[in-house]
Amino acid sequence: MAFGSKSDQKSSRSSSTSFLGKGTFIEGSFFVEGNVRIDGKVKGLIKGDADVIIGEGSLIEANIEVTNLTVMGEIEGNIVCSEKLEIHDTGKVVGEISADKLIIEENAFFEGKSMMHTRQTVKALPDSENAKSKDPEKKSN
């Protein structure tokens with residue numbers, strides 16, 4: 001493994017772990033780094049270069065901007081993940097979400113708008129008239 005490689009950077013981020021236990025309530029802006037597990041309640045903003053787990057039974061009323069997010073509790077707010085968002089079967093998300101990778105398990109609840117993003121530029125789709133004329137199923141006579 002090369003010094004300063006991407007995997008080294010990821011392991012240094014994940015080496016610190018913070019826990020917010022049941023019964024904990026935070027209101028305001030919560031800036032995180034490393035690994036964070038939240039089993040309590042948060043209202044406001046959660047942001048940072050972090051892998052965050054929202055534990056079962058937790059209630060989050062916040063906008064979230066993190067690297068990876070795993071949801072087993074409830075979130076009401078908008079979510080932006082620079083890498084992966086997972087909503088487990090006990091998870092509930094209400095709001096707009098944006099992520100590179102999105103996993104929603106069976107029985108999970110999601111209500112809102114989702115957008116997948118990548119680091120590559122996406123070419124515009126052809127307009128509907130051009131798409132109809134290029135459709136191989138429809139032949140022009």
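The values are calculated or read from the model by the stated rules, or taken from the named source; none is laboratory data. As the structure is a computational prediction, the values presented were derived from the model and not from experiment. Neighbour counts run over all protein chains shown; Cβ positions are idealised from the backbone, glycine included.
Grab the strands (runs of 3 or more DSSP E) fully contained in the stretch 73-121, keeping just those with 2 or more residues being surrounded by fewer than 16 Cβ atoms within 10 Å (Cβ to Cβ) and either within 11 Å of the chain's Cα centre (by Cα) or among the aliphatic types (A, V, I, L, M) (or both).
Result: 79-87, 97-104, 114-116.
Out of the stretch 49-67, which residues are modelled with pLDDT of 95 or more, farther than 19 Å from GLU96 by Cβ and buried (at least 18 other Cβ atoms within 10 Å of the Cβ)?
Matches in the stretch 49-67: ASP51, ILE53, GLY55, SER58.
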